[in-house]
Protein chains: 2
Amino acid sequence: MTGNNTAQQQVFVKMVHDAWHSKLGQFDKLLSELSDEQLQKEVAPGRNRGIYLLGHLTALADSIFPLLGYEKIAEHLFQPFVHTPDKQTGELPAVSELRQEWTRVKTSLAEKMAAISPEEWFQRHTSVSQEDFEKEPHRNKLNVVLSRTSHFDYHLGQLQFLKTR
Amino acid sequence: MTGNNTAQQQVFVKMVHDAWHSKLGQFDKLLSELSDEQLQKEVAPGRNRGIYLLGHLTALADSIFPLLGYEKIAEHLFQPFVHTPDKQTGELPAVSELRQEWTRVKTSLAEKMAAISPEEWFQRHTSVSQEDFEKEPHRNKLNVVLSRTSHFDYHLGQLQFLKTR
């Protein structure tokens, strides 16, 4: 019967992981279609630039590590791309460097995610106390990925405006 | 032990429903902040208008009904807002009418969703055959809501460009 429970967990883990990897696939495809020059442009007049959203999504993916119990690997991106709005930081890394950072973060995160057992995905993420988690068992590690997937789509919808038609 | 399994399912269902309702809440807030006139504008130069995205999101929410085993209640919106790109249909409904349609669809869908049992959410959605479902149990009803939530965010990120700063 525990087996049943695990089978059920596996199904749900797959649903959430598939959604996450599908969005990442769309982002990678879009990145491959956009030149470094295009990424320097604003996605709409007066809005964030592509380079900012690339750094933002990389920093947010990186911020998943601690919630799963690992250390960030691109901490230096958080201040300029999450804490600070676009166009208010003097100098940003080059687009080519950010592309590499994105690949590094996504690859390492996929490895870590693949190694987490179904049971562990349903344990609390590190920013929830044990006491709160007993009352709110939906605040688990998998829920972090679920909500980040949707946030990814939010910015994907904006980034695709950089494509020429 | 079946109880355990159901408790687990309830947690998953809550995770996905919370994410869905959270996006709908964001969409409602945005709609309340945008005038009918603002919704007539393109979200970015040469891109979809707000009115089109309002109709699009309403028609896509409506298209969830059949996947859960119910009939659509706003079928007339599918052709102009999903099948046809923006600015290629002669006359669209008024924004005020679309706001009402959105409220009607979202309210009815919430009622239907609330009445589905945790077990039923993990049964196949109507566009998957029983045979395929046995091999791919993640293609269940809950997965429809999960993927639609993310798609909602895709367009929310674009619609918020209509807000004046």
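Observations
- Calculated label separations, B:R104, copies of the chain, 7 Å along the beta-carbon direction, nm: 5.5
- Test item: A:97-106 mean partner chain Cβ contacts at 10 Å: 0
- Helix B:95-115 vs. chain B, principal-axis angle (Cα, 0 to 90°, nearest 10): 10
- Plainly put, the tip 7 Å out from Cα toward Cβ on B:D132 is 4.0 nm from that tip on each other copy, the closest given first.
- Exposure ranking of B:H21, B:H151, A:H83, A:H56 by accessible area [1.4 Å probe, largest first]: A:H83, B:H21, B:H151, A:H56
- Residues of the stretch A:86-165: accessible area per residue with a 1.4 Å probe, Å²: 50
- Of the residues A:E131, A:E101, A:E120, ranked by 1.4 Å probe accessible area with the largest first, the sequence reads A:E131, A:E120, A:E101.
- Projecting the Cα atoms of A:P45, A:F78, A:F27 onto the charge dipole of the protein assembly as shown (Cβ charges, centred on the Cα centre) puts A:P45 farthest toward the positive pole.
- Burial of accessible area (probe 1.4 Å, heavy atoms of protein chains only) in the stretch A:1-46, relative to its chain alone, reaches at least 50 Å² for A:M1, A:N5, A:Q8, A:V11, A:F12, A:M15.
- Interface B:A - total buried accessible surface [probe 1.4 Å, Å², rounded to 100]: 3200
- Helix A:2-33 axis versus longest C-alpha principal axis of chain A: approximately 10°, rounded to the nearest ten.
- GNM top mover of A:D132, A:D153, A:D86 - chain A, alpha-carbon springs below 10 Å: A:D132
- When a 1.4 Å probe is rolled over the protein heavy atoms, the share of accessible surface on chain B that falls to carbon and sulfur comes to 49 percent.
- Each copy carries a label point for B:T6 at 7 Å from Cα along the beta-carbon vector; from one copy to the others these points are 2.4 nm apart, nearest first.
- Calculated FRET value between A:R47 and A:A7, using beta carbons and R₀ = 56 Å, to 0.05: 0.80
- Placing +1 on the Cβ of every Lys and Arg and -1 on the Cβ of every Asp and Glu, with nothing else charged, gives the protein assembly as shown a dipole about its Cα centre of roughly 420 debye.
The values are calculated or read from the model by the stated rules, or taken from the named source; none is laboratory data. Just so it is clear, the structure is predicted and the values come from calculations on it, not from any experiment. Every residue, glycine among them, receives a Cβ derived from its backbone with ideal geometry; neighbour counts consider all protein chains shown. With ligands, DNA and RNA removed, areas are computed over all heavy atoms of the protein, side chains included. Shrake-Rupley method; radii C 1.70, N 1.55, O 1.52, S 1.80 Å.
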